[in-house]
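Here the structure comes first, spelled out in structure tokens, and everything after it is commentary.
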Amino acid sequence: MKFQYSEKKIKLPGNVHAYAEKKVMKLARYFEEDAQALVVFSVEKNRNKVELTVHGAGTWFRASESTSDMFASIDAAVGTIEGQIRKNKTRLARRLRQDAFVRSVQEETSFAPDAGEEDLTIAKVKSFYFKPMTREEAVLQMNLLGHNFFAFRDEDNGGSFAVVYRRNEGGYGLIDDAE
């Protein structure tokens, strides 16, 4: 597993990175060797925050935890991702490493306008490769990222652009290309 670390408004000693790497390596059993982990450390309102993003097997996993101790935040983030994997293990089994479950020992965007005058300038542009996937896979990916919507290429509709989203009333919605 390859690691990247980022620190926001904080400078941490090397032992924190070593601890994070040791803990995140527990997740390596679920992935092939080419998996990547991004760990972002920050301090907000006297809380130690860890954002952990793991990309492997064509799937993104994300967790953000904030506690009074940086080491506890790392443990909680790893536990959250492991929980996501276990919760969805039947759906993920064909994507993750073959023996992953054998016992051996994108920036959220708000579309709500701000109060006051509306500014129409684009503050940030992100480019993504939209992988073709089924609608069920898109809903699973959205839930793993903890987002309210997810854009993808719909295999069920000839690879056209589509968006799945979480409805306020419960359940999921789909917006697809009406060609």
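Summarising the label geometry, the points placed 7 Å from Cα in the beta-carbon direction at HIS17 and ASP177 lie 4.3 nm from one another. Taking other residues whose beta carbon is less than 9 angstrom from the beta carbon of LEU174, and scoring Lys, Arg as +1 and Asp, Glu as -1, yields -1. Protein-only accessible surface at a 1.4 angstrom probe places the residues LYS131, LYS9, LYS22 in the order LYS9, LYS22, LYS131, largest first. Applying D = kT/(6 pi eta Rh) to the stretch 121-179, where Rh is the Kirkwood radius over alpha-carbon pairs, T corresponds to 20 °C and eta to 1.002 mPa s, the Stokes-Einstein value obtained is 177 µm²/s. When the residues TYR172, TYR30, TYR165 are ordered by accessible surface, computed with a 1.4 Å probe over the protein chains alone, the sequence from largest down reads TYR172, TYR165, TYR30.
Across the stretch 35-58, the residues whose backbone nitrogen lies under 13 Å from the label position 7 Å along the beta-carbon direction of ILE10 are 39-52. Each residue, THR67 and ILE122, gets one label point 7 Å from its Cα in the Cβ direction; the gap between the two is 4.1 nm. Counting only residues at least eight positions apart within a chain, or on another chain, the lysines with an alpha carbon under 29 Å from that of LYS49 are LYS2, LYS8, LYS9, LYS11, LYS22, LYS23, LYS26, LYS87, LYS89, LYS124, LYS126. For the stretch 1-93, pairs of C-alpha atoms spaced more than 17 angstrom apart make up 44 percent of the total.
The values are calculated or read from the model by the stated rules, or taken from the named source; none is laboratory data. The structure displayed is predicted, hence computed values, not measured ones. With ideal geometry, Cβ positions are generated from the backbone for all residues, glycine too; neighbour counts draw on all protein chains shown. Heads up: the accessible areas ignore ligands, DNA and RNA and are worked out on the full protein's heavy atoms, side chains in. Shrake-Rupley method; radii C 1.70, N 1.55, O 1.52, S 1.80 Å.
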